[in-house]
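The values are calculated or read from the model by the stated rules, or taken from the named source; none is laboratory data. Bear in mind that the values here come from a model prediction, so they are computed numbers and not experimental data. Quick reminder, even Gly has a Cβ in these numbers, built from the backbone with ideal geometry, and neighbours come from all protein chains shown. The area values use the complete protein model at the heavy-atom level, side chains included, leaving out ligands, DNA and RNA. Shrake-Rupley method; radii C 1.70, N 1.55, O 1.52, S 1.80 Å.
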Amino acid sequence: MFTIPNILTFSRVLLIPVFVILFYWPTDKSNFYAALVFVLAAFTDLLDGYLARKLDLTTKFGAFLDPVADKIIVCAALVLVVEYYSLHEHDYFNNINLLISIPAIVIISREIVVSALREWMAEIGQRAEVAVNWVGKWKTTIQMVAIAGLIWRDNEFIIYASIALLIVATVLTIWSMIMYLAVGVKSMIDEDSKKD
């Protein structure tokens, strides 16, 4: 259980309150440090999976904790970002909060749907059918860059580029969810036909 990948995953969970505190810390540099912690957490996500496979250190605990840690930090970051841009809409342009809130709702909803689907697929012994695909990997990468930029908010270019990336990530989110659901629906139909 105390493998390097699991320690990295657990450190990501421990970074969540640090990230939240820095996000709200009332200093000029707190947004930079919050973004830095978020990027560090995202990096540990890449590193723990890579090390687990490379060093053959995969564990059931790690397989459980890794996606949970990912979803908590992404959802927490999205909630904080939505709140910030809703409160500071007047600093940018009208309805900037909608360009962030709607993608955030889509991304969080997708995480819930796909998590439930993976749990159900695991129950019927077909978890491998809904393994992460290339669309999901690109979605995650673009989403992490977008969220980090929205947290940092160093200048208007970074904010607007991050919103554009968040919209791209949202399109990939919908695309990957459809791909996962197609596999899930096929499995559900197959399971139901076995009962007939």
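For this structure, a couple of remarks:
- Of the two radii for the range 41-100, the radius of gyration is 1.24 times the Kirkwood radius, both from the alpha carbons; that is the Rg over Rh value.
- Note on residue 18 and residue 64: the model spin-label points, each 7 Å out from Cα along the C-beta direction, lie 2.5 nm apart.
- Nearest 10 degrees, 0 to 90: helix 4-24 Cα axis against the chain principal axis: 30
- Cα Rg over Rh - the range 32-169, Kirkwood: 1.01
- For residue 2 and residue 112, the difference between the fully extended length at 0.36 nm per residue and the C-alpha to C-alpha distance is 36.8 nm.
- Carbon and sulfur %, accessible surface of the chain computed with the full protein complex present, 1.4 Å: 71
- 1.4 Å probe accessible area per residue over the chain, in Å²: 56
- Phi-derived couplings, Karplus 6.51 cos²θ - 1.76 cosθ + 1.60 at θ = phi - 60°, listed residue by residue for the range 86-94: 5, 6, 10, 3, 4, 7, 10, 8, 4 Hz, with x used for Gly and Pro.
- Here is the list for the range 1-83: chymotrypsin sites (Phe, Trp or Tyr not before Pro) lying in DSSP coil, each with at most 10 other C-beta atoms within 10 angstrom of its C-beta, are 2.
- Fully extended contour minus Cα-Cα distance, from residue 79 to residue 189, at 0.36 nm per residue: 36.0 nm
- Set the Cα radius of gyration of the range 72-141 against 2.2 N^0.38 Å, with N its number of residues, and you get 1.43.
- Label point distance in nm, residue 30-residue 57, each placed 7 Å from Cα along Cα→Cβ: 3.5
- Between helix 134-152 and the chain there is an angle of about 20 degrees, using the helix long axis and the longest principal axis of the Cα atoms.
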